[in-house]
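One structure is given below, encoded as structure tokens.
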Amino acid sequence: MPRIAYVNGAYSRLADASTNIEDRGYQFSDGVYEVCLVVDGKYWDMAGHIARLWRSLEALSIRKPIGDGALKIIMAKVLRLNKLRDALVYIQVSRGVAPRNHPFPDAADPTLVVTARPFDLAKSNATAGKGVALVTQPDIRWGRVDVKSVSLLPNVLAKQAAKRVGAAEALLIKDGKVTEGASSNAWILTAEGVLVTHPLGHEILGGITRQTTLDRARELQIPIEERAFTLAEAHEAQEVFITSATNIVTPVVRIDDHIVGDGAPGPVALRLREAYIDFSRRDA
């Protein structure tokens with residue numbers, strides 16, 4: 001079955017969907033995006049993702065193309081047309097089409113794109129059950145990582161470095177500290193049993209899955225510190241894991257050539273993953 005996309009009011013085959021060559025998303029990466037997880041027809045953390053989409057647009061002074069209700073109707077139709085109940089729904093908004101010039105155009109209508117692709121929770125669970133490997137890379141991203149911009153070339157380069165050595169993700173390092181993954185937030189469980197993850201700010205993307213995981217950790221009465229940590233601390237940690245909409249909570253078993261813990265997925269990470277999934281199924 002052909003995949004169906006939404007672009008600026010029209011639903012069409014993905015292969016036929018298009019926007020103007022002078023769209024500022026293409027010319028300048030002048031746009032933002034979100035990815036929402038759908039399991040069994042229900043959205044997980046949808047309110048957080050939509051709120052972050054609007055915050056990102058506000059940070060770049062891009063006008064909202066539509067309201068919450070209309071966006072949800074479009075997302076539901078994209079899922080229905082693609083006959084998907086388990087999916088990742090991708091939303092992208094650019095500043096719109098205008099003659100190529102760096103300053104903002106005086107008038108432009110934002111471009112809205114919505115697509116969906118299948119998500120396999122069973123496969124994701126199997127990956128988490130084995131754990132994944134990370135490679136370290138320098139964090140060379142721009143200074144407002146908290147804005148979910150489509151300008152992702154540094155992330156692409158880091159992901160490619162991971163792919164070359166068979167790793168699942170890149171762990172980004174800046175000024176001697178771990179910031180996050182190329183497309184995930186990073187966590188450690190210290191030898192003392194304290195859960196540590198980088199605090200919110202311009203240096204990381206405040207993950208919606210990160211926040212829900214923090215809430216589940218508090219329910220489980222796991223001690224938490226939101227602070228930067230070093231690669232040496234990650235090497236010494238009992239457990240390391242990553243979170244994102246696509247990864248949920250996924251244990252890490254190796255960083256570069258260093259084995260994490262005993263080389264098996266950590267029980268705290270797996271417990272948090274289970275708690276996240278149970279909560280999301282109830283809350284959806």
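The values are calculated or read from the model by the stated rules, or taken from the named source; none is laboratory data. The structure presented is a predicted model; accordingly, all values stated were derived computationally and were not measured. So basically every Cβ, Gly included, is an ideal-geometry build from the backbone, and we count neighbours across all protein chains shown. The protein model used for the area step is the full one, side chains on, heavy atoms only, and it has no ligands, DNA or RNA in it. Shrake-Rupley method; radii C 1.70, N 1.55, O 1.52, S 1.80 Å.
Structure values in brief
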read-out: Count of segment 188-214 residues which are in contact with a helix residue (DSSP H, G or I) (Cβ under 8 Å, 6 or more places away or on another chain) and of a type outside the set (G, A, S); value: 11
read-out: Close pairs from segment 247-262: first farther than 12 Å from G129 by Cβ, partner open to solvent by 50 Å² or more (accessible area, probe 1.4 Å) and among the basic types (K, R), Cβ under 7 Å, at least 6 apart; value: V260/R254
read-out: Selected residue (criterion: farthest from H49 (Cα to Cα)) from residues of segment 248-259 that are in contact with a Leu (Cβ under 9 Å, 6 or more places away or on another chain) and open to solvent by less than 10 Å² (accessible area, probe 1.4 Å); value: I255
read-out: Elements of type strands (runs of 3 or more DSSP E) in segment 1-119, at least 1 residues being surrounded by fewer than 14 Cβ atoms within 10 Å (Cβ to Cβ); value: 10-13, 111-118
read-out: Given (1) farther than 14 Å from I188 by Cβ; (2) open to solvent by 10 Å² or more (accessible area, probe 1.4 Å); (3) modelled with pLDDT of 95 or more, number of the condition D283 does not satisfy; value: (3)
read-out: Inter-residue pairs, beta-carbon under 8 Å, first within 11 Å of T197 (Cα to Cα) and in segment 211-228, second open to solvent by less than 50 Å² (accessible area, probe 1.4 Å) and assigned to a loop (DSSP other than H, G, I, E, B), 6+ apart; value: I224/V194; E225/V194; E226/H198; E226/P199; R227/H198; R227/P199; A228/H198; A228/P199
read-out: Segment 244-283, subset assigned to a helix (DSSP H, G or I) and more than 22 Å from D120 (Cα to Cα), residue nearest to the chain's Cα centre (by Cα); value: V268
read-out: Filter result (surrounded by fewer than 24 Cβ atoms within 10 Å (Cβ to Cβ) and either part of a loop (DSSP other than H, G, I, E, B) or small (G, A, S) (or both)) within segment 162-181; value: A162, V165, G166, A167, A168, D175, G176
read-out: From A232, A191, A264, A245, residue being open to solvent by 10 Å² or more (accessible area, probe 1.4 Å), within 22 Å of I91 (Cα to Cα) and not aromatic (F, W, Y); value: A245
read-out: Total residues in segment 120-146, condition open to solvent by 50 Å² or more (accessible area, probe 1.4 Å), aliphatic (A, V, I, L, M) and outside any loop (DSSP other than H, G, I, E, B); value: 2
read-out: So S149, is it within 18 Å of the chain's Cα centre (by Cα), open to solvent by 40 Å² or more (accessible area, probe 1.4 Å) and touching a residue at least 60 places away in the same chain (Cβ under 8 Å); value: no
read-out: Top-ranked residue in segment 61-113 [being touching a Lys or Arg at 6+ places or on another chain (Cβ under 9 Å) and among the β-branched types (V, I, T); ranked as nearest to R144 (Cα to Cα)]; value: I62
read-out: Residues (touching a strand residue (DSSP E or B) at 6+ places or on another chain (Cβ under 7 Å) and outside any loop (DSSP other than H, G, I, E, B)) located in segment 147-157; value: S149
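Results for (1) of a type in the set (F, W, Y); (2) within 30 Å of R282 (Cα to Cα); (3) out of contact with any Phe, Trp or Tyr (no Cβ under 8 Å at 6 or more places or on another chain), shown as yes or no for each residue.
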{"site": "R3", "(1), (2), (3)": "no, yes, yes"}
{"site": "G9", "(1), (2), (3)": "no, no, yes"}
{"site": "E34", "(1), (2), (3)": "no, yes, no"}
{"site": "A59", "(1), (2), (3)": "no, no, yes"}
{"site": "G69", "(1), (2), (3)": "no, yes, yes"}
{"site": "L84", "(1), (2), (3)": "no, yes, yes"}
{"site": "Q92", "(1), (2), (3)": "no, yes, no"}
